[in-house]
Amino acid sequence: MEEKISLLEKEAEEEIKKVKAEKELEEARVRYLGRKSTINQLFSQLPKLEKEKRAYIGRRLNLLKEKIERLIKEKKLQFEKKEEEIDFTVISPCLHVGRKHLLTQVIEEICQIFKNLGFQIIEGNEIEDEWHNFSALNIPLEHPSRDVFDTFYLDLPPQEGGKFLLRSHTSPSQIRVMEKFSPPLAVISPGRVYRPDNPDASHSFMFHQIEGFCVDKEIDFSHLKGVLFYFAQSFFSPQVKLRFRPHYFPFTEPSAEVDISCIICQGKGCSVCKGKGWLEVLGCGMIHPKVLKNCGINPKKFSGFAFGMGVERIAMLKYRIADIRIFFENDVRFLEQF
Ligand SMILES: [Zn+2]
C-alpha cells in the first residue's frame, strides 16, 4: 500500500506539471481527487488495516491529497496569470500602422495594368556591365551617356561585358531577357536606376523606371499604340488623349516620345503643362533590328516594341507632387498622405 501511494504521488506530480490547458487540469483533478480516484479507493481500504498502520497510512494519504490539491491550485494560478498578461481589450495609445511607399504603390499599379494584358514581370540587375547597359542596346562607344558624368562606374576589374556600372536605365533587363528566352515575349521590368545628377526639384541620382517590351512575329507600331492607350487610360483617366512625337533613341527605330493630354487642365493649358496642354510621360519605339540581333533573335523573323517611363515623374503628375526629393526624405507627414 505504501508503495502504491509513492507511485501515485510521483505520477500525479509529473502529470500536473505537463498540463497545458485548463481543460486538461480539470480532467487531472477528477482523476486524482474525484469520487472514483485511486486515493478514494485507498481511503476506503483503511478500515481493513491494523490500527497502527491505519493511522500512519491515513496520514500519508491525507498529505498526498493536500499535495495534489496544492499542485492543481498552483497550476490554475499560472493559467490565470497568463490570461491577465495578454489583455486584448486594452487600447494602444499610439498605433503606427506601416504602409507601402507611394512609389511602391505606383509601381505595383502600373505593373498590374500590364499584367492584365498578359505581360510578365521580371526584375533585372542593378549592377550591370557596359554590354547590357549600352553596347547591346546599340548605344555607340562615343555616346555621351557612357561618359563618367552620366554613369556611375564601379571600381571592379572589367570582365567580358566590359566595365561594371550601376545601370542608368532599366533597358538592360530587356537584353537579359531576350538573351535568355526566345519569343514570344511580353515583359515588364521595374527597378531603380542611377545617374550622377545633382539633386534638384526634378533630378535625383537614384530614381525608378519601368521598362516594357514585347517581341513576337508580326508585331508592329499599332500594337505599341494599343498597349500604351490601354495603360494611359487605365492609369490616368479614361478621357486621357495620347500624342506620339517622333524622337530618336539608339535602341528603337522608329522612336517616339509620348505625351498625354494634361490631366490637370484637360488640355486647355495650365502651369503644370506650361500652357501646352500636353505632358510628356514616356519614350517608346520599335526595337532596333540590331538590338534583336545582339540578343540572338532573328530580326527577319521577329519584331518587337519597347517603352520606358520614369516612375517618379508619373507619380508626380498623377499626385501633383512638385519636388522629386520628397519621395526619398522619409517625411512621415508626406508618406501618410497616400
Ligand atoms: Zn495643363
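Quick one: LEU33 ticks every box in (1) under 60 Å from the mean Cα position of the chain (by Cα); (2) surrounded by fewer than 14 Cβ atoms within 10 Å (Cβ to Cβ) except a single one, so which number is it?
If we test LEU33 against (1) under 60 Å from the mean Cα position of the chain (by Cα); (2) surrounded by fewer than 14 Cβ atoms within 10 Å (Cβ to Cβ), just (2) comes out false.
Within the stretch 304-325, can you find the residues that are in contact with a helix residue (DSSP H, G or I) (Cβ under 8 Å, 6 or more places away or on another chain) and either of a type in the set (Gly, Ala, Ser) or more than 24 Å from ARG167 (Cβ to Cβ) (or both)?
Passing the criteria: GLY304, ALA306, GLY308, ALA315, LYS318, TYR319, ILE321, ALA322.
Output yes when any residue across the stretch 204-211 is of a type in the set (S, T, N, Q), within 16 Å of the ligand (Cβ to nearest atom) and either modelled with pLDDT under 95 or not assigned by TED's automatic domain parsing to the domain that holds LEU117 (or both), and no when none is.
Of the stretch 204-211, the ones of a type in the set (S, T, N, Q) are 204, 209.
Remaining after also requiring within 16 Å of the ligand (Cβ to nearest atom): none.
No, that holds for no residue.
Given the conditions (1) among the small types (Gly, Ala, Ser); (2) outside the structural domain of ASP331 (by TED's automatic domain parsing); (3) within 26 Å of LEU317 (Cα to Cα), report the number of the one that SER92 does not fulfil.
(3)
Look through the stretch 228-250, keep the residues that are among the charged types (D, E, K, R) and assigned to a strand (DSSP E or B), and return whichever of them is farthest from the ligand (Cβ to nearest atom). If you could, list the steps in order and put the result at the bottom.
Taking the stretch 228-250 first, the residues among the charged types (D, E, K, R) are 241, 243, 245.
Checking the rest, the ones that are also assigned to a strand (DSSP E or B) come to 243, 245.
Details: ARG243: 13, ARG245: 17 Å.
Here the answer is ARG245.
Can you pull out every residue in the stretch 209-267 that is among the hydroxyl-bearing types (Ser, Thr, Tyr) and surrounded by 16 or more Cβ atoms within 10 Å (Cβ to Cβ)? Even if it seems obvious, please write down each step before you answer.
Keep residues of the stretch 209-267 that are among the hydroxyl-bearing types (Ser, Thr, Tyr), which gives 222, 230, 234, 237, 248, 252, 255, 261.
Hits for the stretch 209-267 are SER234, THR252, SER255, SER261.
Tally up the residues in the stretch 268-298 that are more than 31 Å from the chain's Cα centre (by Cα), within 16 Å of the ligand (Cβ to nearest atom), crowded, with 19+ Cβ neighbours inside 10 Å and touching a residue at least 24 places away in the same chain (Cβ under 8 Å), please. Can you show your working first?
First pass over the stretch 268-298, keeping only residues more than 31 Å from the chain's Cα centre (by Cα): 268-278, 286, 288-294, 296-298.
Remaining after also requiring within 16 Å of the ligand (Cβ to nearest atom): 268-278.
Retained after the next criterion (residues that are crowded, with 19+ Cβ neighbours inside 10 Å): 273.
Then drop every residue that is not touching a residue at least 24 places away in the same chain (Cβ under 8 Å), which leaves none.
Residues meeting the conditions: 0.
Would you point out the residue of the stretch 251-267, among those that are over 33 Å from the mean Cα position of the chain (by Cα) and near the ligand (Cβ under 8 Å from one of its atoms), that is farthest from LYS290 (Cα to Cα)?
Taking the stretch 251-267 and keeping what is over 33 Å from the mean Cα position of the chain (by Cα), we get 253-255, 265-267.
Next, from what is left, pick out any that are near the ligand (Cβ under 8 Å from one of its atoms): 265-267.
Values: CYS265: 41, GLN266: 39, GLY267: 38 Å.
Among those that are over 33 Å from the mean Cα position of the chain (by Cα) and near the ligand (Cβ under 8 Å from one of its atoms), it is CYS265.
Can you tell me how many residues within the stretch 305-333 are assigned to a helix (DSSP H, G or I) and either in contact (Cβ under 8 Å) with a residue 12 or more places away in the chain or not hydrophobic (A, V, I, L, M, F, W, C) (or both)?
Step one: list which residues in the stretch 305-333 are assigned to a helix (DSSP H, G or I), which gives 311-319, 324-328, 332-333.
Add one more test, that the residue is either in contact (Cβ under 8 Å) with a residue 12 or more places away in the chain or not hydrophobic (A, V, I, L, M, F, W, C) (or both), and what stays is 311-315, 317-319, 324-325, 327-328, 333.
Total satisfying the criteria: 13.
Quick one: count up the residues across the stretch 257-290 that are hydrophobic (A, V, I, L, M, F, W, C) and within 19 Å of ILE110 (Cβ to Cβ).
7
Could you please find all residues in the stretch 1-29 being exposed (fewer than 12 other Cβ atoms within 10 Å of the Cβ) and among the aliphatic types (A, V, I, L, M)?
Scanning the stretch 1-29 gives LEU7, ALA21.
So is LYS82 surrounded by 12 or more Cβ atoms within 10 Å (Cβ to Cβ), at pLDDT below 90 and not hydroxyl-bearing (Ser, Thr, Tyr) or not? If you could, list the steps in order and put the result at the bottom.
On the way: surrounded by 12 or more Cβ atoms within 10 Å (Cβ to Cβ): no; at pLDDT below 90: yes; not hydroxyl-bearing (Ser, Thr, Tyr): yes.
Spelling it out, it is not the case that LYS82 is surrounded by 12 or more Cβ atoms within 10 Å (Cβ to Cβ), at pLDDT below 90 and not hydroxyl-bearing (Ser, Thr, Tyr).
The values are calculated or read from the model by the stated rules, or taken from the named source; none is laboratory data. Please read all numbers here as calculations on a predicted model, not as lab measurements. As a convention, Cβ positions derive from the backbone with ideal geometry for all residues, glycine included, and neighbour counts pool all protein chains shown.
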